[in-house]
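Only one structure is covered here, and it is reproduced in the block below.
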Amino acid sequence: MLYYQKHGFIMNKTQLEPNEVIVEIKGIGLNPVDIQLAKIPGADFSGRIYKIGDEVFGLNLSIAGNGCLSQYIKLSENMSSMTHKPTNLSHNEAAAIPLVFLTVYTALHD
């Protein structure tokens, strides 16, 4: 049995590459595929950039990545684009959009 005597959190001290960011997860979206594979689930999330690598430029950051059912996720800037969360949406509402939008878009355009 593992337990902690002191409250707080444990931050994984992984090395942040120059082209990566760490995002603090504030909301997530669960989809059917998240429970079908043996992995840390979650690909839809909303969060706040926590730490930026030395060579990250602009908003060319990845929103693609699995394992967002955690407090933090490390992403590379070399993937697709991350965007600002609309101010009228909560983090939970914003996290519910990505895969649902892609599903609807594919259904309407295929």
Ordering of 96-109, 16-29 by burial proxy (mean other Cβ atoms within 10 Å per residue, highest first) = 16-29, 96-109
Calculate, in nm to one decimal, what Ile52 and Leu102 gain on full extension: separation in residues at 0.36 nm each, minus their alpha carbon distance.
-> 15.2 nm
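Where a number appears in this text, it was derived from the coordinates with a stated rule and is not lab data. Note that this is a predicted model, so its numbers are computed, not measured. Cβ coordinates were reconstructed from backbone atoms using ideal geometry, including for glycine residues, and neighbour counts include every protein chain displayed.
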